[in-house]
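What follows is a single structure, written as structure tokens, with notes after it.
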Amino acid sequence: MVNSLLRLQSNEIKDKEVIELFNISRHRIISMAKIHEKLYGVEDLQHINIYDYFESLIKELLNSYSADKEVTLDLKVKNLILEIDTLIPLGLMVNEIITNSLKHAFLYQKKGEITLHLQLSEEEEYEMIIGDNGIGVNLEEVPSGLGSKLIKAFTKQLNGSIKQINTSGTMYRLVFKP
């Protein structure tokens, strides 16, 4: 309902930057709604299908942001049990990073790939590799937008650490404890 209200309100706006802010907010709401959708669909809250959740979320973003691009998804999520207090900030973080990738990574190319791998490491920590094979960003530049502030806040909420991996494109490694 909130998503529909934002969409209706954005139809009244002429400024493209403001419309984009509304769209970004709508995608954040969709991310949270998808988690709740999964919760209402299962009897045992410990067994939410994490793979289906991330696949659904990322496909929604792909449909919204990559209309003129051929962007594929490399999704590898092991059978993990994540509590709702972990899944919500993790889903919002995925939303932020993938949205950034789809908006900026493939400006000069028609094809690209989004990666999300999530597993429990041998050290009994969760490890998520997430990003794209696009044009990349300068590793020395410190991002200062709302999205990067949210990613830092979600990382802190997960008691984790996030680092950019030095590779082609833009790729991050998030590590957090169960």
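Here residue 149 fulfils each of the conditions (1) closer than 22 Å to residue 26 by Cβ; (2) touching a residue at least 40 places away in the same chain (Cβ under 8 Å) apart from (2).
Has the range 123-131 got at least one residue that is of a type outside the set (Phe, Trp, Tyr) and touching a Gly at 6+ places or on another chain (Cβ under 7 Å)?
Yes - at least one qualifying residue is present in the range 123-131.
Scanning the range 37-53 for residues that are touching a helix residue (DSSP H, G or I) at 6+ places or on another chain (Cβ under 9 Å), assigned to a helix (DSSP H, G or I) and surrounded by fewer than 16 Cβ atoms within 10 Å (Cβ to Cβ), we see that the one that is modelled with the lowest pLDDT is 39.
Sort out which residues of the range 153-170 are farther than 16 Å from residue 131 by Cα and either more than 13 Å from the chain's Cα centre (by Cα) or modelled with pLDDT under 90 (or both), and write them in order of number. Result: 153, 156, 157, 158, 159, 160.
Does residue 104 satisfy being closer than 23 Å to residue 23 by Cα and at pLDDT below 85? For residue 104, the condition - closer than 23 Å to residue 23 by Cα and at pLDDT below 85 - is not met.
The values are calculated or read from the model by the stated rules, or taken from the named source; none is laboratory data. None of the values given here were measured: they were computed from a predicted structure. Neighbour counts are summed over all protein chains in view; Cβ atoms, including those assigned to glycine, are modelled from backbone coordinates with ideal geometry.
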